């Protein structure tokens, strides 16, 4: 038996030093607390059970103990007893349930069985509980630091860590892991990406799916079911020894940073894997259920659900706010990540009663944290019950997934009429949402597709979702996709339809990268990945959800187009201005920063309910940069329009999505002068000219 000391309340979790390990947890209303120590992941029984004394091992509401001579490598759980009154107070203490430390830096899930935990299959859960692992505190970063690259220049690539390399077509040595991702960094670098946004990599419950989904052998693939916010997900690690998992993640971070690419984590602090009233107990419910979750005040056995996932984290309780902020700081300071995208972030705006408030503590605490001052902060500014805050999310530095941009551009490219005014606003960085609040174009994260919904190729191939494989009778997923199948739903061999689909995908990508704001693309869209019309592949940990690397060769024309398009954007600072377009001459330029056109120059069709054509001329911001003239025709018919005349400048054709590869996009060295004063823009196409000295 290891000798004991009373320990310290801070820091929470397990902290090692040269003489032993300090353990500390928070539980305000607990009456009994035990610490159980295990030798390995698979040990049947603990080698030592330590009963904490309220007089000796408790400071205020913190329970703590120091175990002398104990070294990293062992695993542990907690047993916490207390009142079991749920209806009036929300207490869910259960001393026979072994709990996972919420502050665990690494976890083992090798014995976890969610179904047994839900059904109380055994008198205690020691044979199927998760366990926390104690990890080494030292790591050689070899000089690595967070990159702190400005978000205004970012090009974000949203990818699934496991699915990116899990397919046999990936050819990597460590498929589906952090290490596997590093084996594909050359591909990401050559594409031109500045930041990868990883779907949840904090430890989540793969078994958290509806029974009908589990019956099909499917699992929680996306990872929006977190249970351990300080721990990397064990399923993305190549070594089964959980004490090595943190360093596997760090090795990936170092490799990514060596390519000058940043890492943004998609995090889900709005709910947890424990679910609602009928859900399981993993950690938070057993320590402080009454504080950590939004409960129904009339019956605290019931959980308020603003997330659609069974429970809602009580983010603005002081303890929980502190937990979340400290967790983010940990991932920045100890794991060197460069940013966060917050799932259903409008939950952060709800007070302890669940009501939206103007100055919610959590988002402002995150914004004002000195440790997070250079960290990218991106909000999904809505929740599952209608709180929609795009353009209004608390704080100034927060960027937002711009769902309004997505919807307008989808409608426009699908051929809806009368949208040119709304499209111009989107192209300008959504000034209608951000400018009046003294925010910037970089507050808008522009996207056409993301993990949630159709892939880009399915967006032009399906009018309706096809989610039957999920096992929920096609009830899941969005019904309104604003998509157009180009004439036939699903797979086809019709050449004209396939050609139009390819043209439409290039239109979407072109508009995205020609817009002010920050572009984000979904991994696989650049090679026309399809999910066969499934717009909610959250449970498809299989070929349907994985990146198919054979498409890199099959659809090389699209990969080339996207790669050249990213290079085009990087070549033009005028496409990523730090301030909103004004329509005025600035900085001594001989022309306005932007001029808008319709069928006639300087006559945009703002009020035309039938308009499907928009054009604009964008002034360069550097002497070595070309001016741009951009035309977008989403009608069925070709239009012939005039080009503006610029003194001492010659127009060169740079992009024409109606042409086939490699003529659809040309580098400056391959461009040829365009001497005509008028140009024909084919239906459903985007055409871009560069004007520079001949």
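Here are the numbers:
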{"read-out": "Filter result for residue 587 (at negative phi, part of a loop (DSSP other than H, G, I, E, B) and in contact (Cβ under 8 Å) with a residue 24 or more places away in the chain)", "value": "no"}
{"read-out": "Residue match in the range 108-120 (condition: over 30 Å from residue 248 (Cα atoms), in a loop (DSSP other than H, G, I, E, B), out of contact with any strand residue (DSSP E or B) (no Cβ under 6 Å at 6 or more places or on another chain) and modelled with pLDDT under 95)", "value": "yes"}
{"read-out": "Any hit, the range 630-651, residues being more than 24 Å from residue 431 (Cα to Cα) and crowded, with 21+ Cβ neighbours inside 10 Å", "value": "yes"}
{"read-out": "Test: residue in the range 217-226 that is in a helix (DSSP H, G or I), at pLDDT 95 or above and more than 15 Å from the chain's Cα centre (by Cα)", "value": "no"}
{"read-out": "Hey, residue 336 touching a residue at least 40 places away in the same chain (Cβ under 8 Å), farther than 24 Å from residue 207 by Cβ and part of a loop (DSSP other than H, G, I, E, B) or not", "value": "yes"}
{"read-out": "Residue count, the range 211-240 (criterion: within 24 Å of residue 105 (Cβ to Cβ) and either in contact with a strand residue (DSSP E or B) (Cβ under 7 Å, 6 or more places away or on another chain) or in contact (Cβ under 8 Å) with a residue 60 or more places away in the chain (or both))", "value": "19"}
{"read-out": "Qualifying position, being part of a loop (DSSP other than H, G, I, E, B) and touching a residue at least 60 places away in the same chain (Cβ under 8 Å), among 623, 610", "value": "610"}
{"read-out": "Leading residue by the ranking (nearest to the chain's Cα centre (by Cα)) among those in the range 392-415 that are part of a loop (DSSP other than H, G, I, E, B) and free of Cβ contacts under 8 Å to residues at least 60 places away in the same chain", "value": "398"}
{"read-out": "Within the range 441-479, tally of residues that are closer than 30 Å to residue 575 by Cβ, within 24 Å of the chain's Cα centre (by Cα) and part of a loop (DSSP other than H, G, I, E, B)", "value": "10"}
{"read-out": "Qualifying residues in the range 289-309 (those that are in a helix (DSSP H, G or I) and touching a helix residue (DSSP H, G or I) at 6+ places or on another chain (Cβ under 7 Å)) - the one surrounded by the most Cβ atoms within 10 Å (Cβ to Cβ)", "value": "292"}
{"read-out": "Test result for residue 458, more than 26 Å from residue 195 (Cα to Cα) and at pLDDT 95 or above", "value": "no"}
{"read-out": "Residue within the range 632-640 that is assigned to a strand (DSSP E or B), closer than 24 Å to residue 555 by Cα and out of contact with any helix residue (DSSP H, G or I) (no Cβ under 9 Å at 6 or more places or on another chain) present", "value": "no"}
{"read-out": "Residue 84 vs. criteria at pLDDT below 95, more than 26 Å from residue 247 (Cα to Cα) and surrounded by fewer than 19 Cβ atoms within 10 Å (Cβ to Cβ)", "value": "yes"}
{"read-out": "Criterion (farther than 25 Å from residue 243 by Cβ and surrounded by fewer than 17 Cβ atoms within 10 Å (Cβ to Cβ)) met by exactly one of 5, 48, 28", "value": "28"}
{"read-out": "Residue match in the range 526-542 (condition: closer than 16 Å to residue 410 by Cα and either more than 20 Å from the chain's Cα centre (by Cα) or assigned to a loop (DSSP other than H, G, I, E, B) (or both))", "value": "yes"}
{"read-out": "Residue within the range 266-282 that is over 30 Å from residue 89 (Cα atoms) and assigned to a strand (DSSP E or B) present", "value": "yes"}
{"read-out": "Filter result for residue 68 (under 20 Å from residue 230 (Cβ atoms), at pLDDT 95 or above and over 35 Å from the mean Cα position of the chain (by Cα))", "value": "no"}
{"read-out": "Candidate set from the range 166-190 (those that are part of a loop (DSSP other than H, G, I, E, B) and closer than 28 Å to residue 377 by Cβ); member that is nearest to the chain's Cα centre (by Cα)", "value": "177"}
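For every residue, the table says whether it meets (1) in a loop (DSSP other than H, G, I, E, B); (2) within 17 Å of residue 104 (Cβ to Cβ); (3) touching a strand residue (DSSP E or B) at 6+ places or on another chain (Cβ under 7 Å).
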position: 8; (1), (2), (3): yes, no, yes
position: 15; (1), (2), (3): no, yes, yes
position: 24; (1), (2), (3): no, yes, yes
position: 30; (1), (2), (3): yes, no, yes
position: 33; (1), (2), (3): no, yes, yes
position: 36; (1), (2), (3): no, yes, yes
position: 44; (1), (2), (3): yes, no, no
position: 51; (1), (2), (3): no, no, yes
position: 54; (1), (2), (3): yes, no, no
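So that you can scan it fast, the table gives a plain yes or no per residue for (1) in a loop (DSSP other than H, G, I, E, B); (2) in contact with a helix residue (DSSP H, G or I) (Cβ under 9 Å, 6 or more places away or on another chain); (3) assigned by TED's automatic domain parsing to the domain that holds residue 628:
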site	(1), (2), (3)
645	yes, no, yes
648	yes, no, yes
651	no, no, yes
669	no, no, yes
675	yes, no, yes
680	no, no, yes
688	no, yes, yes
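The values are calculated or read from the model by the stated rules, or taken from the named source; none is laboratory data. Just so you know, these numbers come straight off a predicted model, no measurement behind them. Note that each Cβ is placed from the backbone with ideal geometry, even for glycine, and that neighbours are counted across all protein chains shown.
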